[in-house]
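Here's the structure, in structure tokens; my notes come after.
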Amino acid sequence: MIKIFDQEVLVLDGRKIIYDRDSISDDEKERLGESFCWEDAKKGTIAYTIIQDHNYSDDADNLRLKFDSITAHDITCVGIIQTASTSGMTKFPLPYVMTNCHNSLCAVGGTINEDDHKFALSAAKKFGGIYVPPNLAVIHSYNREMTARCGDMVLGSDSHTRYGSLGTMAVGEGGGELAKQLLQQTYDLKPPGTVAIYLTGKPNPGVGPQDVALTLIKAVYDNGLVKNKVMEFIGEGVLSLPIEFRNGIDVMTTETTCWSSIWETDGEVKKYYEIHGRPDDYKKLYPEPAAVYDAIVELDLSKVKPSIALPFHPSNVFTIEDLKNNAKDIFAQIEADSKKTFESNDIKVDLMSKIKSGKIHVEQGIIVGCSGGTFDNIVAAADIMRGKSTGNDSFTMSIYPGSQPVMMELIKNGVAADLMGAGALIKPAFCGPCFGAGDTPGNNELSIRHATRNFPNRDGSQPTDNQISMVALMDARSIAATAINGGILTASDEIDVEYKPKNYHFDKSIYEKRVYNGWQKADESVELILGPNIKPWPNFPEMTESVILKVVTHITDPVTTTDELIPSGETSSYRSNPIRLAEFTLARKDPDYVKNSKKVYEYELSRERGEDPSEKYDELKDIYEVIRTIKGFENLNPEEVGIGSTIYANKPGDGSAREQAASCQRVLGAWANIAKVYATKRYRSNLINWGIIPFLIESEDLISREDYIFIPNIIGSIKSKNDSIKAYVIKDIPVEIELSLGQLTDKEREILVSGSMINYNKKGQ
């Protein structure tokens, strides 16, 4: 079904694969001509052309990109605007779409969610932005419908910013990177590799986009094949897929840890733009006659089966058939693994109880958002559920169309009535169920969702309160099949159904009547509406020549997600208040983190006041005495050495793009993270933009919780581009260790030394 070739390959005419240089036939050599160069053919990918069209660098090894538009939702847009305006922005220099689809529930925390929406509208008027009101569309549905264009690049503050199937290279990043675009700075990175995703065949009836996406995620997540690279979809199999099917696969590429995605385009894409009244935004995208890729994944769509990603990761994938045949063994393994994830003995993941009389029972089905709430998915679910019933027991079913135009069409063509008649609840556009702010299942209930993620500490889980949500990802078709079977897990290929796809008619007037489009209409006289919860960023100290770090958290899990670093769900209401939000940092992973970080921050604040921390705090006296035994630091002045907290995690940052996973640590006095590897580029970028040094270390055993680490001459090391940095773990006798920084751009080095991106920009004003 799926083959991986992890080395460079040549693809001719987007169709014929040459697996190595020696296998090029004489006929192919003649066709390619004497001037053919394997290295030059690396420029033949779709991704290369688009990236170069947006590159403002003369250095081939260091890209400096500017995007065609940016987009953010109501969890991140306030902070982005405050960061940019504090740094000197007076109007938006490119289209900025602000959707209000995450904090749409305006009952949590009083008025604060709606206050953020009012702020965003006032900012759209003042700076010239595009404001999409709550429940009108989820962020990616709106951008697909209204802003994506073939050959464009879009930067979004949501990790699932992916419009590759529409010919748009889209990247999910932290808010700091969007602020840079608003300041007319560039997005800097090394040229990413490009991996061909070569599709053949055609999906069988009942197999949906989530099934294909999960199959891909399972194949490439653990081996890191596509990490921080571009996934480029080519092959005859692309032509067999309807456009919404492609959109559903594409948005899930984020879960592979790739940097971006792009697809070849055809008549289906052209038709999509025509339906949405934007025919001129289409153009043919296709690899050059000779294109070299860094690797290739070959997937036969006809072999994909209905699948399920079990708790607690989108890569924990099984076919539904295999799960049903081996449920006890698979569930037992998940329960055993969960004991390592949830350290509390009071957390008991109980999947075994879902097996009743040899069948797997689930309590909830959800079809939602940018991945599940597409028109085609919901029509297919209706074909399965029409005239049937979800039953009146514990199983519940909710469906969230991705936008109001989609909802309107489902009402007009009767699909909504069919679903409601079967017992499903139809709800407005909302991203909440994807991160625990809506339709949270009951404790230890099993929810099957056509959504984006199922991480631990997400979807309403509150392990510190002994509450656990168990979410599995499935395609809308199998969710609908399960629904009509009363919640007994059922794959879509187990039922007899005739699928009747419907034509989609896009009604743009819905947006024309409600969306505020202020692009190129900035009005500086407009006052920003600041609710009482909207607070500015605090001041961040600049880096000192040497630093002392205290390890306040030491996490040895294989991966630490952003939902563990800063919980999603109800805490998102406080995203516009950096101080208050920081109180939730690591709350579901290390409840003592905030208290312990604040204690270290007291030491730094004392130093900044000109005091000697070693005289004021007993804990530090012995630390400085040991440091003074190190050659060259006998006369160390404590007032000149910054003090900050740090966390250790093996692989932090998988998941969301939201910068608060890093900024909240900084607000509490963090100066660094230490890791074996960072899960995503976007998390590492977030650390840097907030002045947190992204150290790397070879072994978790070199440092422990409560350790103090002295790092001398850190500014000199950063400026001189030293990769190896000498540091000392302060024991009775200092223990020398080696840290490294990995690749940093010149601008990133300056940001770190300045103490944050805000400090860096203030210096330039």
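Observations on the model:
- Where Tyr499 falls short, out of the listed (1) in contact with an Asp or Glu (Cβ under 8 Å, 6 or more places away or on another chain); (2) hydroxyl-bearing (Ser, Thr, Tyr); (3) within 30 Å of Phe92 (Cβ to Cβ): (3)
- When Gly391 is tested against the conditions (1) over 27 Å from the mean Cα position of the chain (by Cα); (2) modelled with pLDDT of 95 or more, the lone failure is (2).
- Any hit, segment 502-509, residues being under 27 Å from Phe395 (Cβ atoms), at pLDDT 95 or above and outside the structural domain of Gly632 (by TED's automatic domain parsing): yes
- Of the helices (runs of 4 or more DSSP H) lying entirely inside segment 670-765, those carrying at least 3 residues that are more than 23 Å from Asp59 (Cα to Cα) are 681-689, 714-719, 757-764.
- Of all residue pairs spaced 6 or more apart or on separate chains, those with beta-carbon atoms under 7 Å, a first member in segment 13-31 that is free of Cβ contacts under 8 Å to residues at least 24 places away in the same chain and a second member that is part of a loop (DSSP other than H, G, I, E, B) and surrounded by 12 or more Cβ atoms within 10 Å (Cβ to Cβ) are Ile18/Ile24; Arg21/Trp38.
- Which listed residue, of Leu323, Leu301, Leu351, is within 12 Å of Asp211 (Cα to Cα) and either touching a residue at least 24 places away in the same chain (Cβ under 8 Å) or assigned by TED's automatic domain parsing to the domain that holds Arg449 (or both): Leu301
- From the list Val292, Val269, Val251, Val297, the lone residue that is in contact with a Cys (Cβ under 6 Å, 6 or more places away or on another chain) and either in a helix (DSSP H, G or I) or buried (at least 18 other Cβ atoms within 10 Å of the Cβ) (or both) is Val251.
- Screening segment 513-564 for residues that are among the aromatic types (Phe, Trp, Tyr) and assigned to a loop (DSSP other than H, G, I, E, B) and picking the one that is surrounded by the most Cβ atoms within 10 Å (Cβ to Cβ) gives Phe540.
- Here Ala727 meets the list (1) over 29 Å from the mean Cα position of the chain (by Cα); (2) buried (at least 20 other Cβ atoms within 10 Å of the Cβ); (3) in contact (Cβ under 8 Å) with a residue 24 or more places away in the chain almost entirely, failing just condition (3).
- The residues of segment 631-658 that are outside any strand (DSSP E or B), over 21 Å from Arg607 (Cβ atoms) and aliphatic (A, V, I, L, M) amount to a single one, Ala657.
- Tabulated pairs, segment 330-348, first modelled with pLDDT of 90 or more, second of a type in the set (Phe, Trp, Tyr), C-beta under 7 angstrom, 6+ apart or interchain: Ile330/Phe318
- Test for Gly438: is it surrounded by fewer than 24 Cβ atoms within 10 Å (Cβ to Cβ) and closer than 21 Å to Tyr142 by Cα: yes
- The set of residues from segment 452-488 being in a loop (DSSP other than H, G, I, E, B) and under 19 Å from Ala213 (Cβ atoms) comprises Thr452, Arg453, Asn454, Phe455, Arg458, Asp459, Asp475.
- Enumeration of residues in segment 631-690 that are surrounded by fewer than 21 Cβ atoms within 10 Å (Cβ to Cβ) and more than 26 Å from Pro538 (Cα to Cα): Lys631, Gly632, Phe633, Glu634, Asn635, Leu636, Asn637, Asn650, Lys651, Lys676, Val677
- When Val667, Val735, Val677 are screened for being touching a strand residue (DSSP E or B) at 6+ places or on another chain (Cβ under 6 Å) and assigned by TED's automatic domain parsing to the domain that holds Phe633, only Val735 passes.
- Considering only residues in segment 598-630 that are among the acidic types (Asp, Glu) and part of a helix (DSSP H, G or I), the one that is surrounded by the fewest Cβ atoms within 10 Å (Cβ to Cβ) turns out to be Asp618.
- For segment 136-148, the set of residues classified as within 17 Å of Glu512 (Cβ to Cβ), in a loop (DSSP other than H, G, I, E, B) and either out of contact with any Lys or Arg (no Cβ under 7 Å at 6 or more places or on another chain) or among the polar types (S, T, N, Q) (or both) consists of Thr147 only.
- Looking only at residues in segment 338-357 that are surrounded by fewer than 19 Cβ atoms within 10 Å (Cβ to Cβ) and of a type in the set (A, V, I, L, M), the one that is farthest from Ala587 (Cα to Cα) is Ile355.
- Scanning segment 439-464 for residues that are more than 15 Å from the chain's Cα centre (by Cα) and either outside the structural domain of Lys340 (by TED's automatic domain parsing) or among the polar types (S, T, N, Q) (or both) gives Thr440, Asn443, Asn444, Ser447, Asn457, Ser461, Gln462, Thr464.
The values are calculated or read from the model by the stated rules, or taken from the named source; none is laboratory data. Keep in mind that this is a model prediction, so the values were computed, not measured. A quick note on method: Cβ atoms are made from the backbone with ideal geometry, for glycine too, and the neighbour counts reach across all protein chains shown.
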